[in-house]
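Before any comments, here is the structure.
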Amino acid sequence: MVTNVGTLVGVDGMKPDWDRLGVVVPPFSIEADPRFMYLSTETRRALSKVSYMVEAAQGASVVVGEVGTGKTTLASWFHSRYQRRSDFIPIRVDEPPKRSGLLLLRRIAAEFGLRTRRATEHQMNELRAFLVEQGEKGVLPLIIIDEAHELEEEQFLALRSLLNYRDPKGGKAYQLILLGRPELDINLRSVPDFNDRVATRSSLDPLTPDDTKSLIEYRMLAAGRGSKVQPLFTEDSIMPIWQETRGYPRSICFLCLHLCLEVLSTEEFQITGEFVERFLASHHGYRHGE
């Protein structure tokens, strides 16, 4: 049977004893949370390039990566970062509507709190008026679209039309960050009019064993475990974790969550390489919930 949160929460409402691991919150939630974002070399490079392009008002930035490489967490980070700044007004579209350019524009308008229109031209005019108003205030709208590989040509062209619009100072009237799977780059090649307006491209790759170790250590520290206590995950636990997950951050967090729950169901106080191997040998189905 797979160890999960449910197996450790009894009918009396008892929850996992995270205090026993020296943390105040679960360290390996797979929900996107900027507080737990580990900055690998690739992530730092993407953050630096995209942040520069956004703040220099260069237009569109693209970030691609396979499932589980941290795109949604990065989208959350960008949204959180610019939401705290008075000179930006960011929105985030997690699952863009299918096919229709108008539906995408309506979704963007709704996220900005604007009226939605039934005709593309009227919706575009509504958005342009909003961009002018924000530009006059010295505020730069930022649109973040996750799962952008699902966008189609008509939708890219709608975004391009908005990118053609200039603020009162002559710069781009809004900034755009597209995050998606590698096929996003392929899709963009079929829309050269939009592709030519991409200011920067970044990719998120799986982590190395060293980065895997650093991610685990960072998450434990961010969850409240002191840096001076002995590590929960021993040195020899890292390689089997990396081999099992192939370095994908979401898979690493999912496995480590289960390992934490498993160690809480025992009398052990550390997760060793042997502990990981035993868990993987007896819990073949743990990934079904990922």
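The values are calculated or read from the model by the stated rules, or taken from the named source; none is laboratory data. What you see is a predicted model; the values in this text were computed from it and never measured. FYI the Cβ positions are ideal-geometry reconstructions off the backbone, even for glycines, and counts take in every protein chain you see. What goes into the accessible areas is simple: the full protein's heavy atoms, side chains included, and nothing from ligands, DNA or RNA. Shrake-Rupley method; radii C 1.70, N 1.55, O 1.52, S 1.80 Å.
Just to check your reading of the model, which residue among Val191, Val263 is without any contact (Cβ under 8 Å) to a residue 40 or more places away in the chain and either open to solvent by less than 30 Å² (accessible area, probe 1.4 Å) or among the aromatic types (Phe, Trp, Tyr) (or both)?
Val191
Inside the stretch 89-111, can you point out the residues that are in a loop (DSSP other than H, G, I, E, B) and surrounded by 19 or more Cβ atoms within 10 Å (Cβ to Cβ)?
Of everything in the stretch 89-111, just one residue is in a loop (DSSP other than H, G, I, E, B) and surrounded by 19 or more Cβ atoms within 10 Å (Cβ to Cβ), namely Pro96.
Here are some residues: Gln155, Gln123. Which one is more than 26 Å from the chain's Cα centre (by Cα), open to solvent by less than 10 Å² (accessible area, probe 1.4 Å) and either acidic (Asp, Glu) or at pLDDT 95 or above (or both)?
That would be Gln123, the only listed residue that is more than 26 Å from the chain's Cα centre (by Cα), open to solvent by less than 10 Å² (accessible area, probe 1.4 Å) and either acidic (Asp, Glu) or at pLDDT 95 or above (or both).
Based on this model, can you work out whether Ile177 counts as buried (at least 19 other Cβ atoms within 10 Å of the Cβ) and among the hydrophobic types (A, V, I, L, M, F, W, C)?
Judged against the criteria, Ile177 is a match.
Go through the stretch 51-88 and report how many residues are part of a helix (DSSP H, G or I), more than 11 Å from the chain's Cα centre (by Cα) and buried (at least 19 other Cβ atoms within 10 Å of the Cβ).
The total comes to 3.
Say we look at the stretch 266-289 and pick out the residues that are open to solvent by 60 Å² or more (accessible area, probe 1.4 Å) and in contact with a Leu (Cβ under 9 Å, 6 or more places away or on another chain); which of these is farthest from Tyr38 (Cα to Cα)?
Selected residue: Phe269.
Return yes or no: is Ala148 hydrophobic (A, V, I, L, M, F, W, C) and either on the phi > 0 side of the Ramachandran plot or open to solvent by 20 Å² or more (accessible area, probe 1.4 Å) (or both)?
no
Taking the stretch 194-213 on its own, how many of its residues are polar (S, T, N, Q) and open to solvent by 40 Å² or more (accessible area, probe 1.4 Å)?
2
Just to be sure I understand, how many residues within the stretch 194-233 are in a helix (DSSP H, G or I) and either over 23 Å from Asp33 (Cβ atoms) or free of Cβ contacts under 8 Å to residues at least 24 places away in the same chain (or both)?
Of the residues in that region, 6 qualify.
I'd like the full set of residues that are of a type in the set (Ser, Thr, Tyr) and either surrounded by fewer than 18 Cβ atoms within 10 Å (Cβ to Cβ) or free of Cβ contacts under 8 Å to residues at least 12 places away in the same chain (or both), limited to the stretch 158-174.
Correct list: Ser161, Tyr165.
Could you check how many residues of the stretch 163-182 are assigned to a strand (DSSP E or B) and either out of contact with any helix residue (DSSP H, G or I) (no Cβ under 9 Å at 6 or more places or on another chain) or at pLDDT 95 or above (or both)?
Residues meeting the conditions: 6.
Contact list please: Cβ distance under 7 Å, first residue in the stretch 31-55 and closer than 21 Å to Leu178 by Cβ and hydrophobic (A, V, I, L, M, F, W, C), second residue assigned to a helix (DSSP H, G or I) and open to solvent by 40 Å² or more (accessible area, probe 1.4 Å), pairs at least six apart or on different chains.
Qualifying pairs under 7 Å: Ala32/Thr72; Met37/Trp77.
Does any residue of the stretch 28-50 turn out to be modelled with pLDDT of 95 or more, surrounded by fewer than 16 Cβ atoms within 10 Å (Cβ to Cβ) and small (Gly, Ala, Ser)?
Yes - at least one qualifying residue is present in the stretch 28-50.
Test Arg160 against the stated conditions and say whether it is under 17 Å from the mean Cα position of the chain (by Cα), assigned to a helix (DSSP H, G or I) and among the charged types (D, E, K, R).
no
Say whether the condition of being open to solvent by 20 Å² or more (accessible area, probe 1.4 Å), part of a strand (DSSP E or B) and under 24 Å from Pro34 (Cβ atoms) is met by at least one residue in the stretch 234-256.
For the stretch 234-256, residues open to solvent by 20 Å² or more (accessible area, probe 1.4 Å), part of a strand (DSSP E or B) and under 24 Å from Pro34 (Cβ atoms): absent.
Among the residues of the stretch 223-233, write down those that are among the aliphatic types (A, V, I, L, M) and surrounded by fewer than 16 Cβ atoms within 10 Å (Cβ to Cβ).
Selection gives Val229 alone.
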